[in-house]
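The values are calculated or read from the model by the stated rules, or taken from the named source; none is laboratory data. If you're wondering where the values come from, they're calculated on a predicted model, not measured in any experiment. Here the Cβ positions follow ideal geometry from the backbone for every residue, glycine too, while neighbour counts run over all protein chains shown.
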Amino acid sequence: MHQTGARGVGSSGITSVQCLSRILREYREIQKEPSSYWCAFPINMDEPYEWHFTIKGPAGTEFEGGMYHGRIILPHSYPFSPPSLMMLTGNGRFEVGKKVCLSASNYHPELWQPAWGIRTMLDALHAFFPTPGEGAIHSLDWSPEIRKKLAKDSVNWHCNTCQETNLEALSRLSPEDQDTASKESLTHSENPLIQHINNCINESKAVEKDKKKNKETEKISDKDDEYDNTENSQKSDIYESSSLDITNKDESSSLSNEGQPSSRSFSPTQHLGTVVIPPNRLPPKISQQSIAWSFLLVKKPSNILEGVATLIDLFIGILLITIFILFVRLFSTFIL
């Protein structure tokens, strides 16, 4: 069990009378009006800066039936500085042996108020158990099955410092009659820290709702874009297939009626059903003469000057090839 030595300033001499007076006053109030959900006490009354507590899992949740042990460290400047809190029993909501991130803990000293105390902190922790971790520091989001198993195993968990199990520690709780339950419910509702937590939870739910709404809007927008792309692709395929059919018909007609004027001419903007083919989508006509010039890798001359320049380029190319062949023969003769 915890030590109950004489009250007063510790042997180190660095504790303030105001701090000790506040801590001991809170201890007396907790002893006088114990909670129905948790019990807490200092390990050493001479140095009452380390407290241990045992808290019940909230009813109607996967923590129901669980009894969880934890540790509170009060700074020497308490209550003007916030305490730190950590869980010692596995629970699936908070990491074991790591400081719990609460608005009333030393993770958020800017939110701490000296009017808050150990009772306020533990009431807030009890209300905070069933809330989602959502990636908070040292928070866990384990499955309900694992949490229920941990709740069942936590009853017989033994604290080596307190020298008792959670079940033995919770025997100091007040009787849970109707009056006590209603009183605790009222205390919870009036706890400013719990109100702050509930506001944070409501804000988180609103943010999640907005995110889901935005995702649904993005999905609808993506579907519309996909439909537009598919429709444009189908129209493009119709244009291409129509232009190819027209080109094939035109070429076959020109080959069969070569030298004769065609009685029918095709307009680049001719209507094919409901499809109008723009001029830039029609493939160019390629004659046999153009294919021959392409084979020679030269541009077909459009006038005499370009023809002369083309012949000069061909002559220079043939001359360079001849010089290269002579050089190769001379080099091979020299080697042999």
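Being at pLDDT below 95 and touching a helix residue (DSSP H, G or I) at 6+ places or on another chain (Cβ under 6 Å) is the filter here; which residues of region 43-56 pass it?
P48
Mind counting the residues in region 37-47 that are in contact with a strand residue (DSSP E or B) (Cβ under 7 Å, 6 or more places away or on another chain) and either without any contact (Cβ under 8 Å) to a residue 40 or more places away in the chain or closer than 18 Å to T131 by Cα (or both)?
So the count comes out to 2.
Within region 51-61, can you find the residues that are surrounded by fewer than 23 Cβ atoms within 10 Å (Cβ to Cβ) and not hydroxyl-bearing (S, T, Y)? First the steps, then the outcome.
Within region 51-61, the subset surrounded by fewer than 23 Cβ atoms within 10 Å (Cβ to Cβ) is 52, 58-61.
H52, P58, A59, G60 - these are the residues of region 51-61 that are surrounded by fewer than 23 Cβ atoms within 10 Å (Cβ to Cβ) and not hydroxyl-bearing (S, T, Y).
Taking region 93-130 as the search range and keeping residues that are farther than 16 Å from L74 by Cα and under 24 Å from the mean Cα position of the chain (by Cα), which one is modelled with the lowest pLDDT?
Only one residue fits best here, namely F128.
So, of the residues in region 131-170 that are β-branched (V, I, T) and under 16 Å from G90 (Cα atoms), which turns out to be nearest to the chain's Cα centre (by Cα)?
In the first step, residues of region 131-170 are kept if they are β-branched (V, I, T); the result is 131, 137, 146, 155, 161, 165.
If we keep only those that are under 16 Å from G90 (Cα atoms) as well, we get 146, 155, 165.
Values: I146: 24, V155: 36, T165: 40 Å.
Ranking the qualifying residues of region 131-170, first place goes to I146.
Checking the structure you have, find out if any residue of region 142-155 is touching a strand residue (DSSP E or B) at 6+ places or on another chain (Cβ under 9 Å), in the same structural domain as S21 (by TED's automatic domain parsing), free of Cβ contacts under 8 Å to residues at least 24 places away in the same chain and not β-branched (V, I, T).
no
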